[in-house]
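Single-structure report; data block below.
Just so it is clear, none of the values below were taken in a lab; they were calculated from the coordinates. Worth saying up front: this structure is predicted, and the values here are computed from it rather than measured. Quick reminder, even Gly has a Cβ in these numbers, built from the backbone with ideal geometry, and neighbours come from all protein chains shown.
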Amino acid sequence: REGKDPVVVDNMILYLMLGAVIGARLMHCLAYEPEFYLSNPLEILKVWKGGLASHGGLLGAMVALYIFAKRYNESYMWLLSRVAIPGSLTAAFVRFGNLFNSEILGLPSDKPWAIIFERIDLVPRHPVQLYEAFAYLTLLVILVSIYRKVTFSFATKILPGIFLTYMFTLRFLLEYTKTRQAHYTTELNFTTGQMLSMPLIVIGLLWILWAFTSKKKEVS
């Protein structure tokens, strides 16, 4: 639709994949199991053992996009806005993968849709992976709808803010249905996932405010 060179897009995807994996791995190691990985730094490299954090994946992808934008002389804001749409679909697929691998378990539940993960135990649990996956698919529909209805200029400004606000508000709320993932405790009544989500929610809200403010200035 916007006439971008497919070769450039392919290169961008490579940057995104590397950035997301590196960021997700580092965030998991340093935010969820810092004591172990700081004592055994070489274990950080063993990605095949598992342990990726979506917050870090997002930040890593954003850094990778910035490097890509500088190297290929592309608009960083444009890249962020257009990646938000397939990023929502990717996030949904990741959660479906977590479901099949019995990862990111929910708390015990007596709801009729609770799922038993036989690899773990015989306790019915909230299928939080499905909650997130379907929510991300909803986000995909929202972003595509906005992209089609507004100008390219406004879409470039607003989509990243909506992506951040929706995704991490959802993450914050769904943490209440998950088992704790961090291997440590704090005096705060928030999980590690919630604390990582808070600044991203604020950034998303400020981003949306900026998008509408700048639109009004353009009109005036």
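Proximity of backbone amide H atoms, modeled 1.01 Å from N, is registered between residue 178 and 107 at under 5 Å, excluding neighbours fewer than 5 places apart on the same chain.
Just to verify a number: FRET efficiency for residue 118 and residue 46, C-beta to C-beta distance, R0 = 25 Å, to 0.05?
Values: r = 27 Å, r/R0 = 1.06.
Efficiency, rounded to the nearest 0.05: 0.40.
Taking label positions 7 Å along the Cα-Cβ direction at both residue 215 and residue 151, the computed distance is 1.1 nm, reported to one decimal.
Footprinting exposure proxy ranking of 93, 117, fewest other C-beta atoms within 10 angstrom first, gives 93, 117. Checking the Cα-Cα distances for 70/157; 49/111; 149/215; 157/215; 157/216 against a 21 Å cut-off, the pairs over it are 49/111. Averaging 1/r across all pairs of distinct Cα atoms in the stretch 1-74 and inverting the result yields a Kirkwood radius of 13.2 Å. A simple rule links phi to the HN-Hα coupling: the Karplus curve 6.51 cos²θ - 1.76 cosθ + 1.60 with θ = phi - 60°, which for the stretch 88-97 gives 5, 5, 4, 4, 5, 5, 4, 5, 4, x Hz, with x for Gly and Pro.
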